[in-house]
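To start, the structure under review is shown below, and the notes come after it.
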Amino acid sequence: MSTRTEILKVLADGDFHSGTAIGESLNITRAAVNKCVQALVARGLEIHRVSGQGYKLATPFTPLSRQRIERDIQTNDIRTLHILDEVDSTSRYLLSLAADNDVHGHVCLAECQTRGRGRRGRQWMTSPYSNVILSLGWTFPGGPGSLAGLSLVVGVALVQALADQGIEGIELKWPNDLLWQGRKLGGVLVDLQGEVNGPSLTILGIGINVRQQDGALEGVDQPWVDISRLTDNIPDRNVFIAAILNRLTPALEKFKHAGFEPFREDWTAHHAYHDQDVTLIQGNKALHGRVRGVDEHGALLLIDSDNNAHVFHSGEVSLRPH
Ligand code: BTN
């Protein structure tokens, strides 16, 4: 654990702690404490300093804890938890580990992600120490052709894990954005490696906004929301992460055997824009039409104004209400 994280753990309770007391408990000088606090502030954390009282976090937080996550995991399919203070991208971390290791069942979690990857080449921005930044390695016996609908299955599992935390009313925007009243709460990025006929290694990257600092997502070009803006009962990230894994791993096994079809009804029940008029943008083409749901492989069905049916398999499109 880095000294920065150790200091954060002391401050996690939201009380004042003097530089001297922190220094003594970690066996470092007061100046070293100050330097680390400055580094945390530079990462976007709001830490108040009051002379005579010391340092205090503007918002108390619960650090990621291996013990607490493992306590709640009810599946035998998770083999290793990699819990990192800081990483460029949890998905990239597992992808590079996969060069020499079997990462099936490996989970990478991070408190801070400096170059998070989003869909369609975008950056995924997230405030440190307060969000879900998770990647899971999972191997499937078939090739990429057998994985149609996988990202939608992940979306269904995430909606269930959110409901387990009492967070309802979440919708899925095809292929796998999590929305609350049209605002983005989270997203899924699927990385895929393997041969045409399989097996395939997937890295399922999941980002969920739990508590974003004001101003942290400046420049993000779509409306967003976080769990702290939806409820006062913000879930403990450790409990929430275990719930995600408990929902996700059986869903992935079921998908392996039965494909997307058994998830279609659940996905449709949460479908944002179902039977609504949308504009679908693919490359530099825009198509207006009405969304008719998804087929048994998770492909999006759209009917245009001349009643022609269009089927979209690729997630490389952008969908907006019309
Ligand atoms: C999207 O664009 O909606 C997908 C966002 C996925 C972000 C997550 S955060 C954990 C994992 N690591 C990454 O670099 N990206 C994914």
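The values are calculated or read from the model by the stated rules, or taken from the named source; none is laboratory data. Source: prediction; values computed, not measured. As a convention, Cβ positions derive from the backbone with ideal geometry for all residues, glycine included, and neighbour counts pool all protein chains shown. Accessible surface is based on the protein model in full, side chains and every heavy atom, while ligands, DNA and RNA are left aside. Shrake-Rupley method; radii C 1.70, N 1.55, O 1.52, S 1.80 Å.
Some notes on this structure:
- Rounded to 10°, Cα long-axis angle of helix 30-42 versus longest principal axis of the chain: 20 degrees
- In region 67-142, the DSSP beta bridges split such that about 40 percent are antiparallel, to the nearest 5.
- Taking 7 Å steps out from each Cα toward its Cβ at residue 308 and residue 38 produces label points 6.3 nm apart.
- Estimated at 0.36 nm per residue, the fully extended path between residue 276 and residue 9 surpasses their Cα-Cα distance by 91.4 nm.
- At R0 = 25 Å, FRET efficiency that the Cβ-Cβ distance of residue 123 and residue 101 yields, to 0.05: 0.40
- Förster radius 35 Å - calculated FRET efficiency between residue 79 and residue 229, Cβ distance, rounded to 0.05: 0.50
- Accessible surface, region 188-260, averaged per residue in Å² (probe 1.4 Å): 43 Å²
- Secondary-structure-derived ellipticity at 222 nm for the chain, considering helices only, amounts to -8500 deg cm²/dmol, per-run term -39500 (n - 2.57) for DSSP H runs with n ≥ 4.
- Three-way shape label, region 220-322, alpha-carbon gyration tensor, a/c 1.5: oblate
- Additional length obtainable on full extension of the chain from residue 257 to residue 53, 0.36 nm per residue less Cα span: 67.5 nm
- The apolar share of the surface of the chain, taken as the fraction of accessible area on carbon and sulfur atoms (1.4 Å probe, ligands and nucleic acids excluded), comes to 45 percent.
- On full extension, the segment bounded by residue 2 and residue 115 gains 38.7 nm, given 0.36 nm per residue less the C-alpha separation.
- Accessible surface computed residue by residue for region 76-115, with neighbouring protein chains in place and a 1.4 Å probe, gives 44 Å² per residue.
- Residue ranges 95-103, 110-118 sort as 110-118, 95-103 when ordered by packing (mean number of other C-beta atoms within 10 Å per residue, highest first).
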